[in-house]
Amino acid sequence: MTRSSILAVALALVVIPSISVEAQAPTTPRRPIPGPVVPPAFYQTATGNETRSPTGAPGAAYWQSYSSYDITAELDPETGVVTGKASILYQNRASIPMRLVFMNLYQNLHRAGSVRNEPQEITGGVTLERLVVDSVELSLVDVQSSTGYSVNATELWIRPERPLAAGAVLEIEVEWSVTLPQSGAGRMGYSDREVYLVAYWFPKMAVFDDLRGWDVEPYRAGAEFYEGYADYSVDLTVPAGWTVMATGDLANPDEVLSEQTRDRLAVAATSDEKVVVVSRTDRRDGLATTAGVGGKLTYHFDAQNVRDFTWTASNVQLWYATSAVVADRDGDGSEDRVMIHSFWRDDRAPLWTDQVLYGKHSIEHHSRFTGYPYPWPHMTSVEGGDIIEGGMEFPMLTLIGDYNGLGAADLYNVTAHELAHMWIPMIVGTNERRYAWMDEGTATFMENQARPEYWPGTSPDSVEQWNYLQTVRSDREQQLMRHADFYEPGPGYGTASYAKPATLLVTLRNLLGEEVFMEGYRSFISEWAMKHPSPWDLFATFERAAGVDLDWFWNSWYFETWSLDHAVGEVFTDGDETVIEIVDRGFVPMPVHVRVRTTRAGLVERDIPVTEWLAGKTMVEIRLPSSMGTVTRVDIDPEKLLPDVNRRNNGWRETSN
């Protein structure tokens, strides 16, 4: 999800004290020495079982359970009611039997009495009409019953007649209905009954992984999701004239789209320019779709190995399309094309006229930058004025606000951010609830690498660093390694999930160098594609690429809220040498790059390794021989690569003495 509606508001609450940071900083702090990163017991068990490896790659015995869904559903746009039936095959790939099986009913966020972190529209949530497991129809029971199912807020647990054996498949049939909220936690819903973004709308298997087993907990509206991979075959019925786009391939375009629409899509499939697939006139004249049967259309979509299935429907939105060029994915030696779609209302969101081109550039950039070409047939952006302010990501789909009153660059930025989420968490299936920084921070980082390419002259990495440091200076920072539902009000969540982790990836790149950093970054994405990594896998992957222990870096930045504050202390003459004191006033140990200007030797570069601070020192001397002449200027980190909380003490000038 975009930080525009989270971080901007949170940072507006930050009050910067009038007293300078330098005045607050102690001159001789006690030096904490970061200890080793000790993974939790469940992770150590996983490495012992070889489902994870000490190198950060998936272990030789890695596994994950898998599902397949066959869904038929119908939307009544007049009421916002979706009715559906699903046949689900759930394969237990763990080595143990399952006595209980868990599903998520996310729409129960809108059920009276459900636990949540913020007020939500009450719609009644999910109505379960029928639940059949292995051909046995189950009843709603209490937790003490031997067979049946029970609902606790957004959690559905099922106790089959017999435990699900290791390697066995559970067959679930479920019928349900749900009244969609107008804006479900600012992530899905409808606008004027003419635009629908239907997300987390069906009963869905929870994740059972090699770390915690069943990782199921209430959806409280704040934290996002942790989803398992699955195959989908979905029939979606809407009134004639309504276009639908969804996760996956549209398998029956001839039955639902007009010949004109199909022809224009064929042009867009090989074009680098935007193509008007459906115009306002086409909508008015009924030229977008076929007539359907009985006044209805049924769209069929197939998707394989994706985290979720989401769809959008409208009878008014314009439909623009183009295609993105990505590296060869099918092994034929030629570049491939990805369809890029944009659904929007020109009377509600005029800024969206070029949004489809922003999507094209984002997919092309992110594919190159990650070294992992976008793997799916299309990427679709949906304008959701009234539903959302920022953006929200789903496999192959994103919902974005109208961005009225803002500039084209703002719409590009949110597009680049949401489409970065296609890599994390859609391809690399992180746990967004427990470690929001893994997907949001990485998406922010990727967004910031794309922006200067499309808008030359911008420096988003520097802006991100400033955003992070503003929170530090206000003494309102909170840890990265915190569950996303449990941050205190204010900038804590936004900074810890977006600005700081994005800044830390830039910091790590500057620390390791471009080649080593990109090796670790790309290895993590390729090795964990369509799998479920943890933070400890990420840490180990970068250490493997670097060939060094980076526990001091992870502990200081990710587990603590320590800050970095290097300073120039005294500069004085000692015999035939000039002594420059470099003082560490913060708690984060980091290498120091120092640039000294002298009257005879010109510019002199010196580096202080992190080992000096890890030895417990708080001050290190740089000594220059008098033959270099008089020292006239000293600068710490002159290129401003590191997130130093107080740059006022990073320099010294001869005239200041």
* Structure fact -> For segment 566-656, the Debye formula with one identical point scatterer on each Cα and no solvent gives log10 I(q)/I(0) at q = 0.12, 0.13, 0.18 Å⁻¹ as -0.34, -0.40, -0.76
* FRET efficiency estimate (nearest 0.05) - Cβ-Cβ, N305 to D134, R0 30 angstrom -> 0.75
* With a ≥ b ≥ c the root eigenvalues of the C-alpha gyration tensor of the chain, is it rounded (a/c under 1.5), prolate (a/b larger than b/c) or oblate? -> prolate
* Residue farthest toward the positive end of the dipole of segment 566-656, with Cβ of Lys/Arg at +1 and Asp/Glu at -1: which of L641, G586, S627? -> L641
* **CD proxy at 222 nm, helix term only [per DSSP H run n ≥ 4: -39500 (n - 2.57); per residue of the chain; nearest 500]** => -6500 deg cm²/dmol
* Asked: Gap in Å between the Cα centre of segment 623-639 and the Cα centre of segment 492-569?
  -> 32
* Structure fact -> Quick calc: nm separation of the 7 Å Cα→Cβ label points for W214 and R30 -> 4.5
* To do: Just check segment 401-535 against the gyration tensor rule for me: Cα atoms, a ≥ b ≥ c as the square roots of the eigenvalues, rounded for a/c under 1.5, and otherwise prolate or oblate depending on whether a/b exceeds b/c.
  => rounded
* For segment 51-124, count the residues as N, evaluate 2.2 N^0.38 Å, and divide the Cα radius of gyration by that value, please. => 1.65
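If each residue of separation counts as 0.36 nm, what is the full-extension length gain between M619 and L406 once their alpha-carbon separation is subtracted?
72.0 nm
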* To do: Multiply the residue gap between D192 and N252 by 0.36 nm, knock off their C-alpha separation, and tell me the result in nm, one decimal place.
  => 18.8 nm
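Report the calculated FRET efficiency for E121 and N152 (r = Cβ-Cβ distance, R0 = 25 Å), to the nearest 0.05. Mind dumping the intermediate values first?
Numbers: r = 21 Å, r/R0 = 0.83.
It comes to 0.75.
Taking R0 as 56 Å, what FRET efficiency do you get between K296 and R648 from their Cβ-Cβ distance, rounded to the nearest 0.05? If you can, show how the numbers build up before the last one.
On the way: r = 67 Å, r/R0 = 1.20.
For R0 = 56 Å, the calculated efficiency reads 0.25.
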* Spin-label point model (7 Å from Cα, Cβ direction): what's the T45 to L287 distance in nm? -> 6.3
* Asked: Want the number for W466 to D76: 0.36 nm per residue separation, take away the alpha-carbon distance, what's left?
  -> 135.7 nm
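Once you sort the root eigenvalues of the Cα gyration tensor of segment 266-359 as a ≥ b ≥ c, which label holds: rounded (a/c under 1.5), prolate (a/b larger than b/c) or oblate (the other case)?
On the way: a/c = 1.94, a/b = 1.34, b/c = 1.45.
Judged from the Cα gyration tensor, segment 266-359 comes out oblate (a/c at least 1.5, b/c at or above a/b).
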* Under a plain spin-label model, where a point goes 7 Å from the Cα along Cα-to-Cβ, how far apart in nm are T632 and D272? -> 5.0
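Bear in mind that the values in this text are calculations on the coordinates, not laboratory data. Nothing here was measured: the structure is a model prediction, and the numbers come from that model. Glycine gets a Cβ as well: all are built from the backbone with ideal geometry, and neighbour counts include every protein chain shown.
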